[in-house]
1. Checking LEU22 against (1) touching a helix residue (DSSP H, G or I) at 6+ places or on another chain (Cβ under 7 Å); (2) among the hydrophobic types (A, V, I, L, M, F, W, C); (3) without any contact (Cβ under 8 Å) to a residue 12 or more places away in the chain, which test does it fail?
2. Go over the candidates LYS4, LYS52 one by one and state the one that is in a loop (DSSP other than H, G, I, E, B), among the basic types (Lys, Arg) and out of contact with any Phe, Trp or Tyr (no Cβ under 8 Å at 6 or more places or on another chain).
3. Could you count how many residues in the range 14-61 are at pLDDT 95 or above and among the β-branched types (Val, Ile, Thr)?
4. Out of the range 21-34, which residues are assigned to a helix (DSSP H, G or I) and either surrounded by 12 or more Cβ atoms within 10 Å (Cβ to Cβ) or among the β-branched types (Val, Ile, Thr) (or both)?
5. Identify all residues within the range 4-20 that are surrounded by fewer than 10 Cβ atoms within 10 Å (Cβ to Cβ) and within 14 Å of LEU36 (Cβ to Cβ); write none if there are none.
Amino acid sequence: MGGKTNLDRVVAYIPPEWKKELEEWAEEDERSVSWLVAKLIDKALQERREQKNSAKVVNMR
């Protein structure tokens with residue numbers, strides 16, 4: 001598992017209780033915290049893109 005990747009690293013400081021909750025969630029899903037956080041960021045970015053696109057459509061009317 002692991003190895004070299006072409007992905008960039010991002011560091012975030014979070015409260016200990018968030019970290020504990022993320023660790024428990026990742027363990028339940030048999031994933032790493034890093035993988036879980038990357039998926040959460042991906043989902044948030046997709047939702048943001050959709051909102052921006054729908055705002056553009058509304059402004060064109």
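The values are calculated or read from the model by the stated rules, or taken from the named source; none is laboratory data. Keep in mind that this is a model prediction, so the values were computed, not measured. Counting neighbours? That spans all protein chains shown, and the Cβs are built from the backbone with ideal geometry, glycine included.
1. With (1) touching a helix residue (DSSP H, G or I) at 6+ places or on another chain (Cβ under 7 Å); (2) among the hydrophobic types (A, V, I, L, M, F, W, C); (3) without any contact (Cβ under 8 Å) to a residue 12 or more places away in the chain applied to LEU22, the lone miss is (3).
2. Details: LYS52 fails: in a loop (DSSP other than H, G, I, E, B).
It is LYS4.
3. Here the count works out to 4.
4. As a first pass, look at the range 21-34 and keep what is assigned to a helix (DSSP H, G or I): 21-28, 33-34.
Selection gives GLU21, LEU22, GLU23, TRP25, ALA26, GLU27, VAL33, SER34.
5. Looking only at the range 4-20, we keep the residues that are surrounded by fewer than 10 Cβ atoms within 10 Å (Cβ to Cβ), and these are 4-13, 15-17.
Matches in the range 4-20: VAL10, ALA12.
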